[in-house]
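We did not get these values from a lab; they are worked out from the coordinates using the rules stated. Please read all numbers here as calculations on a predicted model, not as lab measurements. Neighbour counts run over all protein chains shown; Cβ positions are idealised from the backbone, glycine included.
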Amino acid sequence: MSDLVRFGVAMERALLERFDERIARKGYENRSEALRDLIRADLLRDAWDRGGEGVATITLVYDASVREVTERIHAIQREAGDRVISSMHTHLGKERCLEVIVARGSSARLRALADRLLGLRGVLSGEMVAAAAEP
Ligand code: NI
């Protein structure tokens with residue numbers, strides 16, 4: 001890591017103890033790495049909220065026996081053009097399919113893409129997760 005800066009942080013003992021318990025459960029070896037991750041996540045959320053460009057995953061679980069749901073999922077991705085970078089499809093059972101789509105674009109357009117997919121009849125569950133912001 002380049003150009004590390006050390007700084008002191010003051011906080012209530014009880015708050016720090018809760019934080020230490022939390023990061024131990026998550027498997028962090030020290031507070032610094034946990035704090036860096038929290039700050040990165042906050043900056044990503046902020047960039048996303050301000051309508052920035054980013055990369056997201058959209059995960060869908062759907063019932064493939066529902067008429068045309070598979071075709072609609074694919075048509076929406078084709079219409080999205082090069083906003084969709086990649087997708088992965090696998091089978092969870094006889095009728096249920098899992099699709100993970102990686103897409104790039106403004107947060108508003110990605111949200112709209114995810115909403116169209118998640119709103120389809122036959123889509124049982126899913127969510128969009130912002131993976132990274134782009135400058
Ligand atoms: Ni399938």
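Checked against (1) within 17 Å of residue 133 (Cα to Cα); (2) within 16 Å of the ligand (Cβ to nearest atom), residue 106 meets all criteria but (2). In the set (1) away from the ligand (no atom under 16 Å from the Cβ); (2) surrounded by fewer than 15 Cβ atoms within 10 Å (Cβ to Cβ), the condition left unmet by residue 57 is number (2). For the residues 118, 44, 113, the requirement of being in contact with a strand residue (DSSP E or B) (Cβ under 8 Å, 6 or more places away or on another chain), crowded, with 16+ Cβ neighbours inside 10 Å, of a type outside the set (Gly, Ala, Ser) and closer than 30 Å to residue 16 by Cβ singles out 44. Could you please let me know if residue 126 is closer than 30 Å to residue 43 by Cβ and not in a helix (DSSP H, G or I)? Here the answer is yes, as residue 126 does meet what is asked.
Screening the stretch 75-101 for residues that are away from the ligand (no atom under 15 Å from the Cβ) and surrounded by 15 or more Cβ atoms within 10 Å (Cβ to Cβ) and picking the one that is nearest to residue 54 (Cα to Cα) gives 83.
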